[in-house]
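Working notes, beginning with the structure itself.
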Amino acid sequence: MKTLIVRGGRPLRGCVSVPGDKSISHRAALLGAVAEGVTRITGFLRGEDCLATLEALRALGVAVDDNGHEVVIHGIDEEGLSTPRGPLCVGNSGTLLRLLAGLVAGYPVEATLDGDASIRRRPMDRIAIPLRSMGARVSGAGDRCLPPVTVRGGDLRPISYTSPVASAQVKSCVLFAGLRCHGVTSVTEPRPSRDHTERMLEGFGAVVERNGLTVSVLGPGKLQGRAVRVPGDISSAAFYLVAGMVVSGSSITVQAVGVNPTRTGFLDILAEMGAPIRQGPIAQEDAESVADLQSEESALRGVRIGGDLVPRAIDELPVAALAACFADGPTRIQDAVELRVKESDRIASTARLLASFGARVEVEDDGLVVYPGRLGPAMVDSGGDHRIAMTGVIAGLAVSGESRIRDAACIATSFPGFVEGLCSLGADVEEADD
Ligand code: S3P
């Protein structure tokens, strides 16, 4: 537990970078683990979520080295995963739990996946249903299959699964399990979700086919270990970019950020708000595109955010809602009921956070309406949700006076160095014990 004391009102200027993409780091380690040969990952996110992935793999018998420069995964290939001695701890990471369940399900092992108090509230029926229909035994608490979740894997059969939710975690879980089936496993989503798994599977040599909202993998998939370079996380960059926009007199460049089109809904939202992010030339790194992004103080318009934009910006919606407080009219976020099952109920927690800073926010079943208004300093609690804590810090920087963000240690799950990066831009943020 840690409190951040934020003294706002100072302009933020300069150039920063952000740690590696969380989604890509998880996938590189997990696929490297079941590949043949060695996978070397540079830019791996050393946040708690992804470090939990490395620990879980070690517990499943995978050799993992981290020399500080690169993470090296020695793939098990034919040898298979081993039954771990105790429960695998995913910490705060829903992505890890869901992707790992799919990976483990393909092997004749039994593993229990557990995590912190937030994880124990997150629904796992969305992966239990397809994994059971593939032949895995999956158990958890109650109808929603809450963690701890036990997976007994083995001989799986391929399925064609239509997911009721647009979730890259569900899609990836089923495709990972499909790697061990004989035949084609496919997943169809209601809206497009991030496609890092598809790109990375292809990079590791799997046979993947995409057709509109359906993606298929041919099993058994023979993966070949490789070098992976992880770009900066756009979901982390979003906090700095909004800071550049709402903190008076600011101009911030974030270097080498992943700009995969299935992740850039946030940039589209800002452009629609009248504050286009300046994007440098796009470079191609492995299967992902990377660019520098720059924001500066801007006049913002209220907008409507819904439909296909939502999965493309799902993790950025709390900080987008903060930007909306500075617009000239109301912003409505809709079709975003998935926010209710993130690290916290992010419809409720975002509304509570912004209201503490003085914003007028209406909560709806599937979203929020944020009205423009004058914000002032506040004392808030993150409730253990890293993105709520970081949104609180940016709100504190945008107002004059001193704000306090309690329970901010959770920021380390996805963004180690968040405070240091802000301070390098001129922010006044200090750590204290709760
Ligand atoms: C992620 C997918 C998203 C996102 C999460 C990371 C992933 O979740 O919110 O932070 O890496 O696949 P859903 O796919 O469940 O929406």
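Any read-out appearing in this document is the output of simple, stated calculations on the displayed coordinates, not a laboratory observation. All of these numbers come straight from a predicted model, not from anything done at the bench. Glycine also receives a Cβ, built like all others from the backbone with ideal geometry; neighbour counts cover every protein chain displayed.
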Around VAL341: net Lys/Arg minus Asp/Glu count, Cβ-Cβ under 10 Å:
+4
Residues of type lysines that LYS342 reaches as a straight line, Cα spacing below 22 Å, ignoring anything fewer than 8 places off in the same chain:
LYS2, LYS22, LYS171
Give me the percent of DSSP beta bridges within region 218-351 that run antiparallel, rounded to the nearest 5.
75 percent
Estimated inter-spin distance, GLU202 and ASP65, nm [label 7 Å along Cα→Cβ]:
3.2 nm
Between ARG121 and GLU78, how many nm apart are label points set 7 Å from Cα along the C-beta direction?
4.8 nm
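Using just the helices of the chain, give the 222 nm mean residue ellipticity in deg cm²/dmol: DSSP H runs with n ≥ 4 each add -39,500 (n - 2.57), and the total is spread over all residues, rounded to 500.
-8500 deg cm²/dmol
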Stretched fully, the stretch from ARG304 through SER133 gains (0.36 nm per residue minus C-alpha distance, one decimal, in nm) 57.7 nm
Looking at the square roots a ≥ b ≥ c of the eigenvalues of the Cα gyration tensor of region 1-62, which shape do they give, rounded for a/c under 1.5, prolate if a/b is larger than b/c, or oblate?
oblate
Fraction of beta bridges assigned by DSSP in the chain that are antiparallel (%, nearest 5):
75 percent
At 20 °C and a viscosity of 1.002 mPa s, what translational diffusion coefficient does Stokes-Einstein give for region 22-229, taking Rh as the Kirkwood radius over Cα pairs? Give it in µm²/s as a whole number.
130 µm²/s
Throw me the Rg/Rh for region 314-434, computed over C-alpha atoms with Kirkwood Rh, two decimals.
0.95
Kindly give Rg over Rh for the chain, based on alpha-carbon atoms, with the Kirkwood expression for the hydrodynamic radius.
0.96
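If each residue's Cβ is checked for other Cβ atoms within 10 Å, how do THR253, THR262 rank with the fewest at the top? Could you put the intermediate results ahead of the total?
Numbers: THR253 21, THR262 16.
Result, fewest neighbours first: THR262, THR253.
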Give a quick list of trypsin sites (Lys or Arg not before Pro) in region 78-135 that DSSP marks as loop, anything other than H, G, I, E or B, with at most 11 other Cβ atoms within 10 Å.
ARG85
Averaging over all projection directions, find the projected area of the Cα convex hull of region 250-407 and quote it in nm² with one decimal place.
9.0 nm²
Mind jotting down the three principal axis lengths of region 125-211 based on Cα atoms? Whole angstrom, largest first.
36, 28, 19
Pick out, in residue order, every one of the GluC sites (Glu not before Pro) in region 178-218 that is DSSP loop and has at most 15 other C-beta atoms within 10 Å; say none if there are none.
none
